[in-house]
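Asker: Please read through the structure below; I'll follow up with questions.
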């Protein structure tokens, strides 16, 4: 997990902030322990939101820094339940699953706005 955490920190440094000051990044792949560690390390650097999208199984993970103004649990729950999925979490880390991969792009767009 140390490697994944270091990758998250490096990704934060390499991601330019948007006009709002937030650094936002999306990664696609399996949502496993390494992805969670990378997401949490990215968010821990501040002013950051990390979105992970997996097609197998169709699911999302959001990590948000406390200063981002985003409550990860509320965002994920609203986005996945809108398409018949389930999910939740706390303000800094949340995960959800959906019935089909076709809805992932719509969910990703909703989570990043």
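The values are calculated or read from the model by the stated rules, or taken from the named source; none is laboratory data. Since we're looking at a predicted model, the values are computed, not measured. Cβ atoms come from the backbone with ideal geometry, glycine included; neighbour counts cover every protein chain shown.
Asker: Applying the selection to the range 75-89, what residues are under 19 Å from residue 35 (Cα atoms) and surrounded by fewer than 18 Cβ atoms within 10 Å (Cβ to Cβ)?
Answerer: Within the range 75-89, just 88 meets the criteria.
Asker: What pairs come out if I take residues in the range 7-25 that are more than 19 Å from residue 52 (Cβ to Cβ) and pair them with residues that are modelled with pLDDT of 95 or more whose C-beta lies under 6 Å away, six or more apart or interchain?
Answerer: What qualifies is 17/23; 21/47.
Asker: Right, next: In the list 48, 72, 34, which residue meets the criterion of being within 21 Å of residue 101 (Cα to Cα) and either surrounded by 13 or more Cβ atoms within 10 Å (Cβ to Cβ) or in contact with a helix residue (DSSP H, G or I) (Cβ under 9 Å, 6 or more places away or on another chain) (or both)? Working first, answer last.
Answerer: Details: 48 fails: within 21 Å of residue 101 (Cα to Cα); 34 fails: within 21 Å of residue 101 (Cα to Cα).
Just one listed residue meets the conditions, 72.
Asker: Now, a different point. Would you point out which residue out of 49, 60, 25, 53 is more than 17 Å from residue 87 (Cβ to Cβ), assigned to a strand (DSSP E or B) and at pLDDT 95 or above?
Answerer: Numbers: 49 fails: more than 17 Å from residue 87 (Cβ to Cβ); 60 fails: more than 17 Å from residue 87 (Cβ to Cβ); 53 fails: more than 17 Å from residue 87 (Cβ to Cβ).
Residue meeting the stated conditions: 25.
Asker: With (1) touching a strand residue (DSSP E or B) at 6+ places or on another chain (Cβ under 7 Å); (2) farther than 17 Å from residue 30 by Cα; (3) modelled with pLDDT of 95 or more; (4) surrounded by fewer than 18 Cβ atoms within 10 Å (Cβ to Cβ) as the list, and residue 66 as the residue in question, which single condition is left unmet?
Answerer: Status for residue 66: all satisfied but (1).
Asker: For the range 100-108, indicate whether the set of residues that are surrounded by fewer than 19 Cβ atoms within 10 Å (Cβ to Cβ), modelled with pLDDT of 95 or more and not in a loop (DSSP other than H, G, I, E, B) is non-empty.
Answerer: No, there is no match, as no residue in the range 100-108 is surrounded by fewer than 19 Cβ atoms within 10 Å (Cβ to Cβ), modelled with pLDDT of 95 or more and not in a loop (DSSP other than H, G, I, E, B).
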